[in-house]
Every structure is written in structure tokens, then in C-alpha cells.
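Everything below concerns the one structure shown next.
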Amino acid sequence: MEDFFRQNYLLLTHSFEILAAITGLVLYKKYKFVAAKYFIWFLVFVVLAEFISTYTLYIDNDGYFSFLKGTVFQKNYWWGTIYWSIGSIMFFSFYFIRVLEAKSHRLILRLTSYSFLLFSVLYIIFNWEAYFTRNLTTIRIFGALIVFLCAVFYFVEVLMSDKILNFYKSINFYIAITIFVWWLITTPLMFYDIYFRSVDWNFIILKWQIYLFVNIFMYSTFTFALIYCKPDINND
């Protein structure tokens, strides 16, 4: 089982990411006049960003990027922080600002996301060495709070409007519930990151299993939602 996860973790994860992105591109005409088009662009961005992050596989054994061995770029923690820990949070903030209808919700989310971006930049500056050697737990936790805020605001608006009658047909509902669950499950794992960077293979395999499960859940749900849902004409 350990060998299976070591050899196929990236393949399985990337396969579901690519499936979601391709589904979005195939159905792009369906969503090109609503906010969901930005979500499709995001899925494509994630695939490209994940592809870039695999450069670390070509450093050892005189690989294409062997010249990075021994430098701060030998690990891809820095890139993961940029495109996922910060980039994905800023995207979801941008997305739900366009989706939400209440001005107060949009204002709170806008101010919170800008504060998060400023905080993240300053935190990286003052933790420059850690930025290249590990996941920055503080940024991940702050980002998770913003994701929860996006989801909660959306759910509140749905419950207080006629959207509750057809919520299961809206792609925004599936996006909100999925990212809420993903961050809820993965954020606590950041507190045990020290074990992931050690020789504790029991925890490493467990963490891979959890991430594999939630990633498959997330991208499968996105794929399903893109196919099943109808465009929300109230959002652009």
C-alpha cells in the first residue's frame, strides 16, 4: 500500500484535476456569460500550477533541473504558498464577491481578502527562510477562515432567498460546500507538518491518503457540478 501511494499519488490527483479542467473547457459556452467562467479559468490555472510544481521531480539524479539542487528552490513549498495558500484564497474571495448579493457581505469579504494578502506578504518577508522550507501554517489558517467566510455568506443568502428552492442546481452551491469541506479537513493537518517532513512514514502515508481522498472528492464534485448544473443568470 505504501508503494502504491508513493508511485501513484500524483498521477491520481492530477488526473482528477485535469478531468475537472477539461470538463470546464468543454462546457465553457454553457457558462461564458456567468461568473462560473472564472471558476473554469481557475481550474485550468490549477492544472498548470500543479504541472510547474513537479519540477522538483527532475532535480535529483542529474535531472533537467539538477542545477537547483542545494538552492532554496530545491523544494516547492514557496510555489505552493504562492499559487494555492495565497492564490486560491484570493480567487475564491474574488469569485464570491461577484456571486454574493448583499453589499455588506461583499464589503466584508473584500476587506478581509485584502487584509489577508497584505498579511501574507508581510509574514513571508519576516519568515523568509521558512517560506522555502515548509508550509506556512499561519497563512493556511487565515486563508481557511476566509474560505469559511465565503461559504457561510453564500449559505446565508441562499437560506434567506428563493434560491433555496433550487440550490442543488447551482454550481455556486457545490463550489461553496466543496471548498468548505476541503479546507475543514486539510487545515488541521498543517499542525502536524513536522511529522510529514520527518521519517514518520505512518503519518506520511496517512496524510497522503487524506489528501488523495479530499482531492478526488473536490475535483469529482467540481466535474459533476459543471455537467449537472445550470448557469446562474443572476451572476456575472
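Laid out as a table, the results:
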item: Residue-level accessible surface for Asp162, protein heavy atoms, 1.4 Å, Å²; result: 130
item: Segment 141-185 residues near the modelled Asn127 label - backbone nitrogen below 17 Å, point 7 Å along Cα→Cβ; result: 141-146
item: Estimated distance in nm for a label pair at Phe45 and Tyr9, the labels positioned 7 Å out from Cα along Cα-to-Cβ; result: 2.6
item: Residue-normalised accessible area of the chain, given per residue in Å² at a 1.4 Å probe; result: 54
item: From the coordinates shown, Cα Rg over 2.2 N^0.38 Å corresponds to which of (1) 1.06; (2) 1.13; (3) 1.00; result: (1)
item: Estimated [θ] at 222 nm from DSSP helical runs (n ≥ 4, -39500 (n - 2.57)) normalised by residues in the chain, nearest 500; result: -23000 deg cm²/dmol
item: Heavy-atom SASA rank of Thr71, Thr81 (probe 1.4 Å, accessible area, largest first); result: Thr71, Thr81
item: Accessible surface of the chain [probe 1.4 Å, protein heavy atoms]: carbon and sulfur percent; result: 69
item: Longest DSSP-loop-exposure-free segment, trypsin sites (Lys or Arg not before Pro), the chain, at most 16 other Cβ within 10 Å; result: 76-196
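The values are calculated or read from the model by the stated rules, or taken from the named source; none is laboratory data. Every value quoted in this text rests on a predicted model; they were computed, and no experiment measured them. Every residue, glycine among them, receives a Cβ derived from its backbone with ideal geometry; neighbour counts consider all protein chains shown. What goes into the accessible areas is simple: the full protein's heavy atoms, side chains included, and nothing from ligands, DNA or RNA. Shrake-Rupley method; radii C 1.70, N 1.55, O 1.52, S 1.80 Å.
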